[in-house]
Amino acid sequence: MGEALLFVPFLVVTVLLFGAVIRRLLGVRVGPGRTLFAAVLAVVVTSPLLAGLAPPDPAAVTLTEGLLLMLASTGVATLIAMAALVILEVLLPTGSLPGPVEVWRGTRRRIARTRRYSQIVRIALRHGLGRFLRGRPPAGPSSAAARRRLARSLCAALDEGGVTFVKVGQLLSTRRDLLPAEFVDELTALQDRATPVPWEQIAAVLDSELGDRVFAGIEREPLAAASIAQVHAARLPDGTPVVVKVQRPGIATVVERDLDILLRLAGTLEARTSWGRSFGVRKLALGFAEALREELDFTVERDNLQTMAAALATSPQRGVRVPAAYPAVSSERVLVMGRLPGAALGTAEPLLAELGDDRRHALAAGLLDSLLDQVLVHGIFHADLHPGNLLVGADGTLGMLDLGSVGRLDTMTRNAVGRLLNAVGSGDAAGATDALLDLADHSGEVDERELQRAIGMLLVRYAAAGSSAGVAAVTALLRTFTSYGLGVPAPVAAVFRAFTTLEGTLRVLRPEFDLIGQARAVAGRRLAEMLDPRQVHRGVQEELIALLPMLRGLPRRLDRLGDTVESGRLRFNVRLFSDDQDRRLVTGLIQQTLLTVIGAAAGVMAAMLLGSDDGPRVSAHIGLFPLLGYSLLVVSAILVLRVLVVALRRD
């Protein structure tokens, strides 16, 4: 009993020592599971090796010989364990197998995902979309009526699928470059609505986020209920009327589960379909997931409100404003905003009738000008100005709501959009083509001359005086993008979405409003402002201020360069393999070369060992050299096959 108790700690210490030696000899970090496997293998192999190396009469072995035999068997066992680790790394690279904790979590996620898959399939079947779930879907509808019916079924299925799929439908409604007009029209009507959450659940969220003494009073009946949040009217302790946007309990978990499914589906489409790769489906899905996660974080909308308020304050004559945010009483799941007076634009026809035609036209023109200011000047803009997101005040002002997800443009993109508007206003096909190429994503060669002809035809058709085809012009422009292999980045697509959505809103404000004509007039006015002598003088000053530090250092740099040339010390430093793709290519070639050399060497050594009849015996019928030879032969075959499978794969 005592010997057994001593044997267990001795075995543990031996395994740990083997593990430490193996990790040190390999010179790389090896996971604890793999190290334990190699150490146990070394311990198991040591005893048979020692028995095979020892002479038939163990009593004749001296102490020195015993130590040498022990060292030899230990060394061979260590080499075998190291070889096993290398082979294991070839077959199952580190990180390819999850740990037990990851397995448990992954299993739970897989079960939840499977349940959601089955629910989505049942929804698709109920709405007649089952035939598109097969491996090879049938051909799409050929007539406009059939496309309309299919679009209605898709819209109903997305609506029933929940918040994430409603948002997907709303996103697809902006991509006129991807979908037929019938689908875009149906998906545009997809509303983000939901049954109100019981007050008890809303009160629990408010209590956990803000406490119970923030408001002097709050109405239990919501003003509006959407799939992500619902809005309640309230009053602050000082009597200020506000609205409180409260996130629905548990919605973040639902969204994350559905986003996981969408990202997996997008990855599969991009890997297995040519159109998925050309449109960058996974990149689009990642952008959508990021935007939806922003909507779940109300601190983002709070910051958007403050940024947009500062931007609109620079042009108060536009008559557009946003609610004031209250950061001190807001959180990630609760947003408190000032309550703007007025009625929703979609239900404000009596109020608009009282304002008169001239005031309605001024409101529409001010809204268009405000959006152009947001896009071209400030770089942050409301991308979804449908009538439900606008309030009309009795004083003839407009209030913008729902800034959870706004569009953002960098300086280069803003400049390109401005050049595009100026080129369209002046009918300059070459300038419009250059601006579009700066806005688009294109990896291959583009026939710029042919693209310029196509853009010129669009300008003649849609941008000529008297034309009123607003949405049709945007649709034709986006179709031109895709027909020439140009991708539309998400921020640029948001700009197009903003203007196509705005057209319907402007027609509610003023049915006879000419978006194209007004945009042309605004573009001409902005071009005249840019060419004003004061603006040109200010622009030249700004450019000179930016160039001044470089100009100051230019003489010193030229003097240093001349001195280097005169003394013969001029050198050119070229960084080889600075690109990641070049490094990956060279690394892959070196790895394949090493595997080939090692595999060939192992094969030669295996042949030599298999041809040798001498050497120590592992058992009465098994020699050590043949055993090592067969082992090396297996290693050689594995390495050579690994090289061949990489060399012969078409992708």
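All of the numbers you see were taken from the coordinates with simple rules; none came from a lab. These numbers come from a predicted model, not from an experiment. So basically every Cβ, Gly included, is an ideal-geometry build from the backbone, and we count neighbours across all protein chains shown.
Peptides 102-108, 309-315 ranked from most to least packed by the mean count of surrounding Cβ atoms within 10 Å: 309-315, 102-108. You can think of it this way: the chain between residue 44 and residue 430 has 131.3 nm of extra reach, that is 0.36 nm per residue less the Cα-Cα gap.
For residue 327, the shell of other residues with beta-carbons less than 13 Å away shows a net charge of -2, using +1 for Lys and Arg and -1 for Asp and Glu. Remark on the range 584-648: Rg and Dmax equal 14.9, 50 Å (Cα only). Kirkwood radius and radius of gyration were both taken over the C-alpha atoms of the range 228-383, and their ratio Rg/Rh is 1.06.
Stretching residue 441 away from residue 564 to a fully extended chain increases their span by 40.1 nm, per 0.36 nm per residue minus the current alpha-carbon distance.
Applying 1/(1 + (r/R0)^6) with R0 = 56 Å to the Cβ-Cβ distance of residue 14 and residue 313 gives a FRET efficiency near 0.15.
Each residue in 245, 283 was given a count of other beta-carbon atoms within 10 angstrom of its own, and listing them fewest first yields 283, 245.
In nanometres, what is the gap between the two model label sites at residue 104 and residue 254, each 7 Å from Cα along Cα-to-Cβ? Computed distance between label sites residue 104 and residue 254 equals 2.9 nm. If R0 is 41 Å, the Cβ-Cβ spacing of residue 457 and residue 358 corresponds to a FRET efficiency of close to 0.65.
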